[in-house]
1. If you scale each eigenvalue of the Cα gyration tensor by 5 and take the root, what three semi-axes come out for the range B:263-356, rounded to whole angstrom and sorted largest first?
2. If each label sits 7 angstrom from Cα along the C-beta direction, how far apart, in nm, is A:Gly21 from its counterparts in the other copies?
3. Keeping every protein chain in place, order A:Lys73, B:Lys113 by accessible area at 1.4 Å, biggest value first, i.e. largest first.
4. Among B:Ile302, C:Ile324, what's the order by accessible area (1.4 angstrom probe), most exposed first?
5. Counting only heavy atoms of protein chains, what accessible area per residue, in Å², does the range C:249-288 have with a probe of 1.4 Å?
6. Can you pull the mean other chain C-beta count within 10 Å for peptide B:90-103?
7. Excluding ligands, DNA and RNA, what is the solvent-accessible area per residue of the range A:167-210 at a probe of 1.4 Å, expressed in Å²?
8. Could you compute how much accessible surface C:Val295 exposes when probed at 1.4 Å, giving the result in Å² to the nearest 10?
Amino acid sequence: MRFKFPLMAIGLEVAMIVLFGLFVQYETDQNIRQQLRSSNSTDVDRFFELYPLFQNVHVMIFVGFGFLMTFLKKYGFSSVGINLLIAALGLQWGTLMQGILHSHGHKIRIGIKNMINADFSTATVLISFGAVLGKISPLQMLIMTIIEIAVFAGNEHLVAEIFTATDIGASMTIHAFGAYFGLAVAGVLYRPGLRRGHDNEESVYHSDLFAMIGTLFLWIFWPSFNSAIAEAGDKEYRAVVNTYFSLAACVLTAYAFSSLVEHRGKLDMVHIQNATLAGGVAVGTCADMAIHPYVSMIIGSIAGMVSVLGFKFLTPVFATKLRIHDTCGVHNLHGLPGVVGGLAGIVAVALGASDTSTPAMQAAALASSIGTAVVGGLITGLILRLPIWGQPSDQNCYDDSVFWEVPRWREHDHHFHEHHGHNHLEPEL
Amino acid sequence: MRFKFPLMAIGLEVAMIVLFGLFVQYETDQNIRQQLRSSNSTDVDRFFELYPLFQNVHVMIFVGFGFLMTFLKKYGFSSVGINLLIAALGLQWGTLMQGILHSHGHKIRIGIKNMINADFSTATVLISFGAVLGKISPLQMLIMTIIEIAVFAGNEHLVAEIFTATDIGASMTIHAFGAYFGLAVAGVLYRPGLRRGHDNEESVYHSDLFAMIGTLFLWIFWPSFNSAIAEAGDKEYRAVVNTYFSLAACVLTAYAFSSLVEHRGKLDMVHIQNATLAGGVAVGTCADMAIHPYVSMIIGSIAGMVSVLGFKFLTPVFATKLRIHDTCGVHNLHGLPGVVGGLAGIVAVALGASDTSTPAMQAAALASSIGTAVVGGLITGLILRLPIWGQPSDQNCYDDSVFWEVPRWREHDHHFHEHHGHNHLEPEL
Amino acid sequence: MRFKFPLMAIGLEVAMIVLFGLFVQYETDQNIRQQLRSSNSTDVDRFFELYPLFQNVHVMIFVGFGFLMTFLKKYGFSSVGINLLIAALGLQWGTLMQGILHSHGHKIRIGIKNMINADFSTATVLISFGAVLGKISPLQMLIMTIIEIAVFAGNEHLVAEIFTATDIGASMTIHAFGAYFGLAVAGVLYRPGLRRGHDNEESVYHSDLFAMIGTLFLWIFWPSFNSAIAEAGDKEYRAVVNTYFSLAACVLTAYAFSSLVEHRGKLDMVHIQNATLAGGVAVGTCADMAIHPYVSMIIGSIAGMVSVLGFKFLTPVFATKLRIHDTCGVHNLHGLPGVVGGLAGIVAVALGASDTSTPAMQAAALASSIGTAVVGGLITGLILRLPIWGQPSDQNCYDDSVFWEVPRWREHDHHFHEHHGHNHLEPEL
């Protein structure tokens, strides 16, 4: 039991190394350059033009997603730690999966767009991770990473190459996909024993502040996320500008509705940590189109509102009626705003904002992203239900100490350490 | 009462969307391009040249200012949360206010400099927010944001266009302005009931560490703040180099004087969090001039020293004698160093370091920035004193739980949650 | 006693200002430009091409190293605060030391590479700081900064100019050097009284999360660290790609071995915080060579494994048998992986991956880096043992309250504040 996780991790890394040895090359290798008759200088110049945007996305993946999930009082190590683990695995696997589909039999040449897309492909898994946070083992997450990224790459290929739909900020292919994949997994792994909640499933004051580190870095760098793989020039420029203003507008409505839906008018940290980001998700599909800044702001405003309403009214219904428990509320941050983004894309294309896609193809892309995600998530969930992956017991959910050596809470907390710190029954890693 | 804040936030956002629809366009719109006979490629190239500097400034505004103010033990949610709210509103409003003054009747074209300037204009409000931190409601901050950015844009236009003074890092127009505006508001809103302090007006160990996140990101990216709107080439280069060395020098004197002024020689976190940044403020006005690196270091050294001395000796006097209570000590981080920066600018111009301004114009810019700020702040303070904005009672100052759903402090703190967490009398949001 | 630290800090800053006045100029000064017949535009263009990479390194130095060391429960102020202090001093001193060796009698012209190298030179001191963390006074760290950067600059000159060895990511000249320098100092300053450990030498839950902020920003920006001073074009490109994949591979083996070596299979935060970074260190020397991405991943995998094994088996032996107590385990993060990097460089050069160096010269560089570090560290240790630097007593180790005004731990901890907060005997700053 205790060797499954490390052996799986080592086995996967060995497999990655072998596959990279067989299929991956530098973009600048002489033989490739001659073969393609391309000059190297342009490629490398473009590499460093986009490198700052890549680094922004990189911060979002590792600090943004990682800290956003540290809001649980006893699950910070796992949130930020497993986030790092699956993103590190996912970026290697995503390089291969996306590369193979795009390279048409040639070797995969690593350029800056491969690296950005590799980071993107990890984002889907990190979103799905949010739905099952605290209820799943590191080993299960390794399995899920491998399956989900393969499915993601397939759907992304379908959307971009077959439907030739436009989805520059990936509202559909990353956000909606990751959310519905995660919800499907969460549905299959539903724990009736926790339907009344769990003592650990709450935040403490400082864990909510740690989560704000994640929120802010996601918020700040989202314009880079939506523009990183846009066509250079006007489209890239508009992707930045539209996302910047959509996010700003979204903050205002998220705060307003957070206050409105609470009966004493107080703000809820869950809304602020998440719904303020919905504008970045929802403007994604049409971020690079000439939709006018004020339209971005309308999209952002709607997203902030929808996201808060989702947290308040939909999440409880999902947990009780649909038997889908969504720990981080990814449906409200990524699912609903992703659908809003997909719909906005259909409307924008119908109004002529893009000359490469049609409303039907956009609709097909949205349906395909959700459909593939749900089917992929259900199958993944069934695989993860096999009783061999060390899934934590109901009692041990949302608790780092199942998988981590955990120190006491703070300096003079002797009793906590002695009485609770090391009392969990068996390690299930 | 409980609907005032959300309705104001929604109303402001609707107003922003309408105003953007009327007055704002992309920089790359075909019709504008033809009208101005400008080629688009240069604009867009410059956009992505400056985009990394913009992103640095963006981190400063949202993470830097936000976390710098989390030092209070029970006011972290508000510090980082209201910071996000007012910056998101402020950047939309700042885009309009600064754009209208610069666009001479044409539509406002959103380029990278507009976005940098929009972020800058929020900085003034965030600085002023520091002076009234913990004593003001979110609703009051929305009002203050609207008024202060309008006044700021007016003064900035006066300084740059009428006086043609130079102030590239905005020592005068942002830092001194924001500080004195905030002090004027704080003076009008003075609370005699808190003249002996408040139990909540102190830090705890980890809140001081959260604040250091803000300090460090401000410190690291300050060279980008001072160079972001500098003329490309030598001036931009010098703005980076001068700021880099000024900040480094400032750290040494801030540490030295923090130890010197404490009777046992210990360091004070308040000084380290704030005074180490004074070098960035003070070198601002002459950051792009050829003043020599060693002169930047002298300016930084003086600023670090002045800032610590301000915290130690001036802030208590302000609170007791002048009846101006400055929560974050913005006078010491932004006010005094801003004035030092303005004076350094006068001297530098007198010595011939700039060929576009005169010492008299520099002095006029400094006087105008302080004067406008004080008058604007006094009027704003009077408006905010109207008993309709949900200002917290003395007893509820510096306490997140007035405006936020607040979780317990940490895992096994049952008594705290039960006895204190939800006992505040009325929500005043 | 209590004036030694501030006076030393002021004295050093005054010295820096004088030396900068004598030896340092802008890169763009007219007289220099004419003298060198160089056009300014290229230099300034290159400045802003590399500026984003510089800023990434800057984040690593101040946030990365600073927060990585905040894992100790009562030493966070010192970790992040003294890190800032010595980095601010070190970058000024490093500019001078490295500049003098490279400028051949001319004035030092500040370009972007000087700033990157200045940041690099502080990294050596910050690494060594990790070995003595908690056992040394701020005054001692000022002395150590001055000595170590001088020795570092000498060794770096020897390696780069005399041996003409290649070490683009500085596995040898920064990481191995900094680690062995620090270990030598720690050996000389060994405290027999603490051979059974110290109550304060442990983390609490949230201090481990603060440390992860450091880990993640180091991890994210390491590709910039290894490529920042690489030759523009292919080499710079490869330095990014190799480091990106080495780090990703390293994470998998670090997690696997962390779980393997713990008897219940749990993960250890110390390993995750540190060993996940070893891949960045170990790929440093050959980062810019055409070694193939899969070889980078092999190097990273080995580094992650070696680093965890070092923490588990070597560090205890060092502390007990060799009487070298390494607080942060810098030997495992920087020492061993640095040696792995040096050895990988020898092999890579032997296999023809570089045309500018030979295996013998690479070996000489590795030997020189370790040898200089040990000798320099021993001498520095002897100087720091002089009983005039205010070194804390054994009992006061790992405790901020010796050098800092420390607030209570959290809101309702009245007893802690009253009984422990201000009870330390004498300030030893």
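1. Numbers: eigenvalues 153, 45, 17 Å².
Equivalent ellipsoid semi-axes, largest first: 28, 15, 9 Å.
2. Label point to label point, same position, other copies: 6.2, 6.3 nm.
3. Values: A:Lys73 5, B:Lys113 75 Å².
Listed by decreasing accessible area, they come as B:Lys113, A:Lys73.
4. Details: B:Ile302 70, C:Ile324 30 Å².
Sorted by accessible area, descending: B:Ile302, C:Ile324.
5. On the way: 510 Å² over 40 residues.
About 13 Å² of surface per residue is accessible.
6. Values: counts 1, 5, 8, 1, 0, 4, 0, 0, 0, 0, 0, 0, 0, 0.
Other-chain Cβ atoms within 10 Å of each residue's Cβ, averaged: 1.
7. Details: 1160 Å² over 44 residues.
Ligands and nucleic acids excluded, the result is 26 Å² per residue.
8. Surface accessible to solvent at C:Val295 totals approximately 40 Å².
The values are calculated or read from the model by the stated rules, or taken from the named source; none is laboratory data. These numbers were taken from a predicted model, which means no experiment stands behind them. Here the Cβ is made from the backbone with ideal geometry for all residues, glycine too, and neighbour counts use every protein chain on show. Quick note on the areas: whole protein, heavy atoms, side chains included, nothing else; ligands and nucleic acids left out. Shrake-Rupley method; radii C 1.70, N 1.55, O 1.52, S 1.80 Å.
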